[in-house]
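The values are calculated or read from the model by the stated rules, or taken from the named source; none is laboratory data. The structure presented is a predicted model; accordingly, all values stated were derived computationally and were not measured. All Cβ positions, glycine included, derive from the backbone under ideal geometry; neighbour counts span all protein chains shown. Ligands, DNA and RNA are excluded from the accessible area calculation, which covers all protein heavy atoms including side chains. Shrake-Rupley method; radii C 1.70, N 1.55, O 1.52, S 1.80 Å.
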Amino acid sequence: PPLGDRGMAGASRASDFGKVSLKDHIEQSNREITLAVMIEDLPALEDIDAIASTEGIDIIAVGPSDMSRALGVAGTSDHPKLVAAIDKVAAAVRKGLDGGMCSPVGDAQGREEALASRTSSGSLPSSP
């Protein structure tokens with residue numbers, strides 16, 4: 001558990017080491033576990049609409065350092081390429097995800113401005 005193709009681990013800590021039935025453990029895990037995914041590279045950015053519309057995803061977060069490196073602008077948290085990538089993810093989240101986005105807000109310089117623009121779009125702030 002949860003949903004997906006993975007090992008069962010029916011006697012784990014989450015199932016009280018087997019005291020909770022496997023059926024109940026699976027149902028509880030699917031109900032209670034939050035699934036967050038990171039968008040950190042160009043293939044993920046290209047597939048963001050499909051990712052954002054995938055059932056079961058609760059949160060999508062952009063990894064700004066890795067994404068800036070993938071875009072060829074490493075170390076520039078306010079670079080237009082990175083801002084555009086984050087905005088693309090935010091648009092896909094608004095369109096397809098029945099959850100939320102954890103949005104990077106840049107480094108200390110410009111953090112309040114970035115925070116204001118991201119939270120007005122319905123995303124949650126995070127640190128880079």
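Looking only at residues in region 1-40 that are closer than 22 Å to Gly96 by Cβ and of a type in the set (Gly, Ala, Ser), the one that is surrounded by the most Cβ atoms within 10 Å (Cβ to Cβ) is Ala36. For region 41-79, filtered to residues that are outside any helix (DSSP H, G or I) and β-branched (Val, Ile, Thr), the residue that is surrounded by the fewest Cβ atoms within 10 Å (Cβ to Cβ) is Thr54. The numbered conditions (1) at negative phi; (2) modelled with pLDDT of 90 or more are all true for Gly72 except (1). The set of residues from region 1-40 being touching a Leu at 6+ places or on another chain (Cβ under 8 Å) and not in a loop (DSSP other than H, G, I, E, B) comprises Ser15, Asn30, Ile39.
For beta carbons closer than 6 Å, sequence separation of 6+ or different chains, a first residue in region 11-37 that is touching a residue at least 12 places away in the same chain (Cβ under 8 Å) and a second that is of a type in the set (A, V, I, L, M) and open to solvent by 70 Å² or more (accessible area, probe 1.4 Å), the qualifying pairs are Asn30/Leu3. So which of Val89, Val62, Val93, Val20 is more than 19 Å from the chain's Cα centre (by Cα) and of a type in the set (A, V, I, L, M, F, W, C)? None of the other options fit; the residue is Val20.
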